[in-house]
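The values are calculated or read from the model by the stated rules, or taken from the named source; none is laboratory data. Since the model is a prediction, treat every value here as computed from it, not as a measurement. For neighbour counting, all protein chains shown are included, and Cβ atoms are generated from backbone atoms with ideal geometry for every residue, glycine included.
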Amino acid sequence: MPLINPKQMFADAYAGGYAIGAFNVNNMEIIQGIMSAASEEKSPVILQVSAGARKYAGQAYIMKLVEAALSLDPTIPVVVHLDHGPSFEMCRDCIDGGFTSVMIDGSHLSFEENIAVTKKVVDYAHPRGVWVEAELGKLAGIEEHVQSAEHVYTDPDEAVQFVERTGCDSLAVAIGTSHGAYKFKGEAKLDFERLEAIGNKLPGYPLVLHGASSVPQEFVEQCNAYGGKVGGARGVPEDMLRKAASMGVCKINVDTDIRLAVTASIRKYFTEHPEHFDPRQYLTPAREAVKEMVARKIRTVMGSSGKA
Ligand code: G3H
Ligand code: 13P
Ligand code: ZN
């Protein structure tokens, strides 16, 4: 199966009350780990590439790795998506380079400026068959080009106006999640009333949840037991993600949990084998840790096993 745009994936997910996992990719081992989990679970999957990932690995390398993965298991529907596209130009480059979905992130702009840049991307993407995700509202925390100390939750009426005026295909909403490993100081809390209000005003429309890593405590403990310092890291409880998936959230973004899986595994390996220095020795279990984490998430959080 060639790379596809997520239209059908999201329509099926919306109807079935489950979500598609969108996993950030930065290198070969991460792509292999995610793809073997998706194959094993027979699940559709979104591989997403941030501006930082493009800079680190290079778009051409990532696309060739994805191509290799598709040829190994052509039965899995795969989308390649630009995550947090900072500009029209980067979205255009990704569309021209074969991405089947892009996100234009104008969440740091004014409402009107966000509409203008999103519409410009939609006008370029749609004639080329490419899906466009946009964002309205701000997640607290630090993204590569967007910094916000406070959450600015998505307003349901503005969301409707935004979708109508831009023609964007899916919308990332701010309901209390944030990027990174430190999501909640006190009790974990998401604004489900707001999510419900947005969903009611946009029936059938796919919503997206960013900042949706669960920060599994076994990874945090393993990092810290082997010399790391990631104390106090906390993510979104899995039951909240499942609830969001049943309320119109069709795409759930995960990056931090991949970083933690890789780092916990490598830290342990280095401590247990201080004499080893062949990268294949420590990257093999790291790749396996990504696979196990992603497979588990597909089964117990996304609910997308067997939907390929
Ligand atoms: O939302 C941000 C993603 O976790 C990507 O992070 O920009 O450091 O690659 P990055
Ligand atoms: P996490 O930091 O929670 O993994 O969020 C990733 C994300 O939203 C990528 O766009
Ligand atoms: Zn994000």
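Structure above, values below:
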{"read-out": "Extreme residue, nearest to ligand 3 (Cβ to nearest atom), among residues of segment 1-47 that are closer than 18 Å to VAL102 by Cβ and aromatic (Phe, Trp, Tyr)", "value": "PHE23"}
{"read-out": "Unmet requirement for ASP93, which otherwise passes all of (1) in a helix (DSSP H, G or I); (2) charged (D, E, K, R); (3) closer than 18 Å to LYS7 by Cα", "value": "(3)"}
{"read-out": "Selection count, segment 196-218, where residues are within 16 Å of ligand 2 (Cβ to nearest atom) and of a type outside the set (Ser, Thr, Tyr)", "value": "10"}
{"read-out": "Test: GLY227 is more than 15 Å from ligand 3 (Cβ to nearest atom), in a loop (DSSP other than H, G, I, E, B) and either at pLDDT below 95 or not charged (D, E, K, R) (or both)", "value": "yes"}
{"read-out": "Filter result for PHE219 (touching a residue at least 24 places away in the same chain (Cβ under 8 Å) and part of a loop (DSSP other than H, G, I, E, B))", "value": "no"}
{"read-out": "Selection from segment 224-257 of residues that are touching a Ser or Thr at 6+ places or on another chain (Cβ under 6 Å) and either away from ligand 1 (no atom under 16 Å from the Cβ) or of a type in the set (A, V, I, L, M) (or both)", "value": "TYR226, VAL236, GLU238, VAL254"}
{"read-out": "Complete set of residues in segment 185-216 that are within 28 Å of THR263 (Cα to Cα) and part of a strand (DSSP E or B)", "value": "VAL208, LEU209"}
{"read-out": "Filter pass, GLY106 being modelled with pLDDT of 95 or more, out of contact with any Asp or Glu (no Cβ under 6 Å at 6 or more places or on another chain) and not in a helix (DSSP H, G or I)", "value": "yes"}
{"read-out": "Single residue of LEU202, LEU260, LEU209 found to be surrounded by 14 or more Cβ atoms within 10 Å (Cβ to Cβ), under 26 Å from GLN161 (Cβ atoms) and within 16 Å of ligand 1 (Cβ to nearest atom)", "value": "LEU209"}
{"read-out": "Flag if ALA308 is under 22 Å from VAL220 (Cβ atoms) and away from ligand 3 (no atom under 16 Å from the Cβ)", "value": "no"}
{"read-out": "Of the criteria (1) closer than 21 Å to ILE266 by Cβ; (2) in a loop (DSSP other than H, G, I, E, B), which one ALA37 fails", "value": "(2)"}
